[in-house]
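Scroll down for the structure; my scribbles are underneath it.
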Amino acid sequence: MAWTENDAGSVREKELIEDNGFLKGSQPSTGTSGSPVVSSPVQKGFEGKDALSYANILRSRNKFADALALYESVLEKDSGIVEAYIGKGICLQMQNMGRLAFDSFAEAIKLDPQNACALTHCGILYKDEGRLLEAAESYHKALKADLSYKPASECLAIVLTDLGTSLKLSGNTQEGIQKYYEALKVDPHYAPAYYNLGVVYSEMMQYDTALSCYEKAAMERPMYAEAYCNMGVIYKNRGDLESAIACYERYLYCLSNHAIGSCMCLAVSPNFEIAKNNMAIALTDFGTKVGFSSFMFSLLIAVNSHLQSLSLDSVKLEGDISQGVAYYKKALYYNWHYADAMYNLGVAYGEMLKFEMAIVFYELAFNFNPHCAEACNNLGVIYKDRDNLDKAVECYQANSDTCADSKFSLLPGVLYRDAGNISMAISAYEQCLEIDPDSRNAGQNRLLAMNYINEGHDDKLFEAHRDWGRRFMRLYPQYTSWDNPKVPDRPLVIGYVSPDYFTHSVSYFIEAPLVYHDYANYKVVVYSAVVKGFQFLGYHLSLMLMLLLPFYALPLYHHCSALLPTIRFREKVLKRGGMWRDIYGIDEKKVAIMVREDKVDILVELTGHTANNKLGMMACRPAPVQVTWIGYPNTTGLPTIDYRITDSFADPPDTTQKHVEELIRLPECFLCYIPSPEAGPVAPTPALSNGFITFGSFNNLAKITPKVLQVWARILCAVPNSRLVVKCKPFCCDSVRQRFLTMLEQLGLEPLHVDLLPLILLNHDHMQAYSLMDISLDTFPYAGTTTTCESLYMGVPCVTMAGAVHAHNVGASLLSNVGLGHLVAKNEEEYVQSALQLASDIAALSNLRMSLRNLMSKSPVCDGPDFTLGLETTYRNMWHRYCKGDVPSLRRIELLQQQEVPKEVPIKNTDSTRITPSRDGPPESIKANGFSAVSLPKVDHTINLG
């Protein structure tokens, strides 16, 4: 920030002159001198002392010309009167005749060399000409003549302060400071000297000393506006917003009084504008400080009336949103076009679920500051969450036109992916990487998106993962030794890390190990990175919230409902003797330290390159054995991960797909599905009552590629009167629906035979929606996982296709283990024929439907105890290998260190991420599209009077 000097010396010196022209407290001496006489009518009738007295009276009435004539008349008669020379000099000085005035004072000094008044006036004239050293010398002489002469000491303080400022501006800061202190030694009450010391110490970042100086300046001069302004800046930058606001208020009060006193228009005062701007900034920041968590507080109070035993001490109450809104509005009162206050109002209204108001203020913020990318971003978030992808895309396109920030360039890729346009999504991510080649989010989103269209024909995707992993690993230090005892058959500590312990795809497959582990021999430590919300409130409190929330907002009800598995998992793990650690928001290197402190033997990450992953922690290699499982259908690319858990169907022994990790195959299926207790009963085959076959898919739209649609169209065109039902969230958007229907129409399928459903919030309703379809059609090359399990559990047989990569084969693994291997096609033609065969016999389809849940429940896919036993055996084999010194990751890292790898710029690990629950397939990709609840950093302005 810029700190500037305030030289009020000239004003102060004029204040020292009384109405009669003499300096305050001056006692003119007497003496003789000669001077030319200018005749004037007023001199007639006055002689000697009477003429001198009358001249003084005239001067006191500002009649300087008449007084001057009398003084000269007196001096014409007696040139030795010192008082007359001083009076004459004052009259000349007040008429801006400085040279003649100086001559008159000089004559007085000749007559009386010790005349402090004349010497002081000479000093003032020197200063007016900018001759500060001569002025100081003259003041010193005056004080030498009369040490008690206050006007001389006050004027000397002024000129010493000016000298200090001049020295500071020329780069001699220490000498300048010395002059300021000399000024205060001469006149301890001179406020500008304190003020300018405050400026210097502020520039030197010695803010405590600066504050002390400003406070002394304000004490000596209570209406010292500039001092209050700069104090406000310091307090604001320290985060003491209340003190900053108090200083700015005092500053504005001082300016207003000054304007009234000088009849000045405040509207055109630059200082007044600076004051208002600084006040707006402080109020906005203060609003942000106090403006959050009131909604949580209100909910807790409401629930507390029902649960009297609830303790609120564990809840951090950070303020009141409504208070924040009030401060933001007050900021706009001081600066009506302050975009940041508008932006924060948008954030606050978004937190209050008043999205219409949020939209208004985000649009205003972007209008007044086209570079406020955050406003445009958050506006896009609202439109996206409202499934208005068209408007969301408009916002992000507007952002790309004004902002080159990679985190905002990332968002169009997320939108394109959600809309099913994978090629455009990948292009957007690559464009983001051109802006910032080290963007972690863009890089990982690109890897995930490539899985949707990768059929395993080449190693391009593997190489992309491998290269990412090598670069990313360099960002973190790796542990190379552990204190874990190498005892092969001792009890092991198994750590599971994930952000997805809620109603999320991963949660359906991690529950079995958490519930059925032998905790005596396999102690579980869960590292939960679930985004903080209601999960910390406890199971019963969350149930109560669910009862209350529908009356306020269905989305919040859904959010709270989605977190119930988190609470349930936590209680089960703790009850069995495990540990549960919430790590949301904790730096990944610190999480790695936690893992080592917990003595974890085998660390299993469940996320891969999906949202809120902790691959940074895995890169530190905090556990002796590290594993990736469930959450991602490909290699992580990280050399620090030893194993990737799979099975012989998903990754056959002869697979050509490459992985950085070593593949470990479970005895049967690599997944164990725990059905939702809200699923409800299996409904009869709809074809029995409809008279036609309905095919369907509830998979993520990103998985439904043009090739998939081509195959589906062939099936429907071959089955008379058949229909297609597809459900996914983006179908709330008309343009996405129309694009999808147009593609099908181009393939010969009439839109009237297609039903497109949006996301269904409640889990029970979502599961019952499977009653609309007779046959489920899987996607490829990225097959369904959760949707396939849900379909089978609800009695709907699924046709899938095996392929060359893991993502392609997940459906093959599930169906084969359930006993429906005949529905696993080897190619597109077999896929079509399997679907047609199922559709050709409605009676057989009905029988299969009514027996499928039982068949699945008894299969390895739903056998939690047996699955966990096989998993524990796998863990034990991994540990035995470690005890023997067989560590795949260490060999891999050593090999990398031996190779000459060109240095690359490390990946920045700074992008913020957010996740949203999804049932449409695997976990969603990383998103940097969460609301920002913090105002942008602002630069306060200090007063510039220099």
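Below is a table of values for the structure above.
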item	result
Per DSSP, loop GluC sites (Glu not before Pro) in the stretch 109-193 with at most 15 further Cβ within 10 Å	GLU129
Cross-link pairs LYS179/LYS216; LYS523/LYS575; LYS614/LYS703; LYS486/LYS658; LYS49/LYS141 - those with Cα-Cα distance over 20 Å	LYS614/LYS703; LYS486/LYS658; LYS49/LYS141
Among ALA687, PHE740, ILE715 the positive-end extreme of the charge dipole of the stretch 640-788 (Cβ point charges)	PHE740
Evaluated over the stretch 188-251, the Cα radius of gyration and Dmax, each in Å	10.6, 32
Fraction of the pair-distance distribution of the stretch 565-644 above 16 Å, Cα-Cα pairs, percent	54 percent
The stretch 423-470: C-alpha gyration tensor shape, a/c 1.5 cut-off, then a/b vs b/c	oblate
Average Cα contact separation per residue, the stretch 611-700, under 8 Å, 6 or more apart, as relative contact order %	21 percent
Per-residue SASA entry for GLU830, accessible area with 1.4 Å probe, Å² rounded to 10	70 Å²
Mean separation of Cα contacts under 8 Å (6+ apart) over length of the stretch 112-172, as relative contact order %	33 percent
For the stretch 788-850: Kirkwood Rh in Å [reciprocal of mean 1/r, alpha carbons]	11.9 Å
P(r) of the stretch 613-741 over all Cα-Cα pairs, binned every 10 Å from zero, in whole percent	9, 24, 27, 25, 12, 3
Scaled radius of gyration (Cα, divided by 2.2 N^0.38 Å) that the stretch 731-778 gives	1.31
Length-normalised contact order of the stretch 329-469 in % [C-alpha pairs under 8 Å, at least 6 apart]	13 percent
Ratio of Rg to Rh over the stretch 698-750 (Cα coordinates, Kirkwood Rh, two decimals)	0.94
Cα shape, the stretch 118-235, gyration tensor, a/c 1.5 rule	prolate
Directionally averaged projected area (convex hull, Cα atoms, the stretch 126-169), nm²	2.8 nm²
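The values are calculated or read from the model by the stated rules, or taken from the named source; none is laboratory data. Remember, it's a predicted structure, so these values are computed and weren't measured experimentally. Cβ atoms come from the backbone with ideal geometry, glycine included; neighbour counts cover every protein chain shown. These area figures cover heavy atoms from the full protein model, side chains too; ligands, DNA and RNA do not enter into them. Shrake-Rupley method; radii C 1.70, N 1.55, O 1.52, S 1.80 Å.
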